[in-house]
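Novice: Dumping the structure here so I can ask a few things about it.
Bear in mind these aren't lab numbers, they're just calculated from the coordinates by the rules spelled out. Note that the structure is a prediction, hence the values are computed from the model and not measured. All Cβ positions, even for glycine, are placed from backbone atoms using ideal geometry, and neighbour counts span all protein chains on display.
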Amino acid sequence: MSVTQPSTNAGQAKGDALTGPLVIVLAVVVMAGLLFGYDQGVISGALAGIRQHFSLSALLTEVVTSWVTLGALGGSLAGGYLADRYGRRRAVLIAGLLFMLGALLQALAPGVLLLVLGRLAVGFGVGVAAVAAPLYGAELAPAAHRGRFVSAYQLAITIGIFLAYLVDSVLEDASWRWMLGVSVVPGILLVAVGAIGVESPRWLVKAGRRDEARAVLARLAPDADAAARLEAIEHTLGEEAGGASWGDVFDRAWRKPLIIALGLAVFQQITGINAIIYYANQIFAAAGFATPQEQTTATTWAVGGVNVAATFIAIAFIDKLGRRPLLLAGLVGMGLALLVVGIAFLSIDGQPPGTGPTAAGIVTLVALVVFIVSFAFSLGPVVWTVINEVFPGRVRGRAVAVATAVNWGAAFLVSQFFLTLIEAIGKPATFWLFAFFCLAGWIWVYRVVPETKGRSLEDIEKSWST
Ligand code: BGC
């Protein structure tokens with residue numbers, strides 16, 4: 001998620017009320033997050049039916065699972081461009097149309113090729129939305145609500161994953177087309193709210209459409225002085241003159257924040273979250289949850305529900321305790337949980353398949369709950385927060401797009417090779433490898449990531465040159 005660009009609301013005391021147009025903006029942000037999460041989570045329950053229907057090999061199963069992330073990688077880079085070229089709102093609309101197209105392609109696919117194309121289209125939409133929607137929300141939210149708008153996005157992602165698990169659990173394996181096709185509904189809703197939403201005044205000013213920008217500002221906050229706010233936007237844009245290029249993102253001056261953002265983006269993924277989100281049902285099946293019913297129940301509540309609930313911990317503490325304590329504590333919990341899952345699988349792997357969860361299966365379930373809680377209060381929301389805080393305003397948009405793309409690249413590698421890794425080195429070693437990355441991540445965060453809690457963006461920016 002990206003909170004890009006400096007405030008467009010400088011000096012505004014009055015325009016903080018949540019007016020009708022702002023509620024639409026919030027609806028756009030929430031719909032985008034829900035779709036993002038739904039498309040992340042739905043594959044976990046749909047996979048068994050798809051695998052059976054098309055008699056997929058392990059490699060093709062991984063392709064069907066992970067090419068959403070490959071599409072998202074391209075989509076997040078394109079998202080930065082589309083949002084700059086065509087406006088934030090139109091970029092969100094494009095994402096919504098891609099979701100709809102992808103959902104229909106997946107639901108109706110007669111063969112694997114179209115199914116994979118559908119996965120790519122949905123992924124591309126996810127990537128565009130992951131950059132454009134938070135950018136839209138961040139530019140339009142009044143200062144007093146910006147934090148909540150961004151938290152709403154992160155929360156919506158976890159709710160989307162949870163809803164996907166719920167849909168998976170009420171539908172039979174054979175109904176995988178419905179599981180994938182259902183996301184056409186929120187796709188339509190996203191396009192609908194996007195269509196009636198206003199464009200970002202900041203983008204309008206940049207595009208030379210000053211009068212429209214003033215009209216939008218007046219609609220957003222009828223009580224505030226639209227002319228003064230317009231001036232504040234022009235002033236900020238003036239300071240950022242010269243429009244940064246992609247090359248500027250890699251300028252020596254911003255090496256430190258770039259390393260921090262890219263490091264966090266990579267560690268968020270190589271510690272295994274999406275291996276669990278995507279393959280939860282298979283993990284529980286291997287842990288002795290024999291029936292699909294038992295597997296989806298475990299996935300829905302132990303992964304999906306817990307992920308939503310634990311995100312509230314981060315919302316409550318991120319500005320009080322700070323980013324570093326949450327990250328460091330979360331990595332300890334994740335690492336220990338993965339260690340335990342690996343040990344549990346040592347004994348599970350030797351057992352003949354039983355009729356219900358074994359003691360080791362229950363240990364796996366509890367350890368995965370600990371893993372999800374630890375991720376949800378730390379690496380989940382905190383990584384995106386820090387990525388969006390560390391860059392100077394001039395390069396923030398593109399730099400966040402690069403970090404988002406790297407995050408998806410790492411997510412792709414993990415989900416693409418998880419099953420292969422299990423076949424090559426076994427389940428215990430695979431989970432221990434993720435645990436090792438938690439340890440490496442802990443040491444790296446401890447040494448490299450500064451605390452950004454309560455500091456102004458200018459202060460953070462200045463600190464890189466000292
Ligand atoms: C990550 C996603 C992950 C989700 C799980 C996000 O912060 O970027 O890759 O699926 O959290 O809640």
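Novice: Under the 0.36 nm per residue contour assumption, what length would be gained going from the current alpha-carbon distance of ASP223 and LEU433 to full extension? Mind dumping the intermediate values first?
Specialist: Values: separation 210, 0.36 × 210 = 75.60 nm, distance 5.59 nm.
Here the answer is 70.0 nm.
Novice: What ranking, highest mean first, results for peptides 131-141, 179-189, 210-220, 117-127 when packing means the other Cβ atoms within 10 Å averaged over each residue? Write down the numbers at each step before the final one.
Specialist: Numbers: 131-141: 29.2, 179-189: 21.0, 210-220: 18.4, 117-127: 26.1.
Averaged packing, sorted descending, gives the order 131-141, 117-127, 179-189, 210-220.
Novice: Under the definition of Cα pairs under 8 Å and six or more residues apart, what whole-number percent is the relative contact order of the chain? Let's see the in-between values first.
Specialist: On the way: 822 pairs, mean separation 113.2, N = 466.
Value for the chain: 24 percent.
Novice: With no solvent and one point on each alpha carbon, what is the Debye value of log10 I(q)/I(0) for the chain at q = 0.12 Å⁻¹?
Specialist: -0.99
Novice: For helix 427-448, what angle does its Cα long axis make with the longest principal axis of the chain, in degrees from 0 to 90 and rounded to 10?
Specialist: The angle comes out near 30 degrees.
Novice: Using the Karplus curve 6.51 cos²θ - 1.76 cosθ + 1.60 with θ = phi - 60°, what ³J(HN,Hα) values do you get for each residue of region 109-115, in whole Hz, with x for Gly and Pro?
Specialist: 3, x, x, 5, 4, 5, 4
Novice: Mind checking the angle between helix 226-239 and the chain's longest principal axis? C-alpha axes, 0 to 90 degrees, to the nearest 10.
Specialist: Compared with the principal axis, the helix lies near 70 degrees.
Novice: Given R₀ = 45 Å, FRET efficiency for ALA207-ASP319 by Cβ-Cβ distance, to 0.05? Could the numbers behind the result be given before it?
Specialist: Working: r = 34 Å, r/R0 = 0.75.
Taking R0 as 45 Å, the efficiency between ALA207 and ASP319 is 0.85.
Novice: Calculate the spin-label point distance for ARG255 paired with GLU234, positioning each point 7 Å from the Cα along the beta-carbon direction, and give it in nanometres.
Specialist: Roughly 4.0 nm, to one decimal.
Novice: For helix 273-286, report the angle its Cα long axis makes with the longest principal axis of the Cα atoms of the chain; keep it between 0 and 90° and round to the nearest 10°.
Specialist: 20 degrees
Novice: Let me have the relative contact order for region 247-466, percent, based on Cα pairs under 8 Å that are six or more residues apart.
Specialist: Details: 277 pairs, mean separation 82.5, N = 220.
Across region 247-466, relative contact order equals 37 percent.
Novice: Check THR452: other-chain or 5+ apart residues with amide H under 5 Å from its amide H, H built from backbone geometry?
Specialist: Counting only residues 5 or more places away or on other chains, the set is ARG323, ARG324.
Novice: Taking the radius of gyration and the Kirkwood hydrodynamic radius from Cα positions alone, what is the Rg/Rh ratio for region 247-466, to two decimal places? Can you show the working numbers first?
Specialist: On the way: Rg = 18.6 Å, Rh = 18.2 Å.
Rounded to two decimals, Rg over Rh is 1.03.
Novice: Compute the length gained on full extension between SER463 and GLU451: take 0.36 nm times their separation in residues and subtract their Cα-Cα distance, giving the result in nm to one decimal.
Specialist: Stretched out fully, the SER463 to GLU451 stretch lengthens by 3.2 nm.
Novice: What order, most packed first, do the peptides 373-386, 301-314, 32-45 have when packing is the mean number of other Cβ atoms within 10 Å of each residue? Don't skip to the end; give the middle numbers.
Specialist: Working: 373-386: 25.0, 301-314: 20.6, 32-45: 27.7.
Order by mean packing, descending: 32-45, 373-386, 301-314.
Novice: Taking 28 Å as the cut-off for C-alpha to C-alpha distance, list the pairs among LYS206/LYS453; LYS320/LYS427; LYS256/LYS320 that go past it. Numbers along the way, then the final one.
Specialist: Details: LYS206/LYS453 30 Å; LYS320/LYS427 38 Å; LYS256/LYS320 25 Å.
LYS206/LYS453; LYS320/LYS427, as the Cα separations exceed 28 Å there.
Novice: For the pair SER57 and THR358, how long in nm is the line joining their label points, each one 7 Å along Cα→Cβ?
Specialist: Here the modelled spin labels are 3.1 nm apart.
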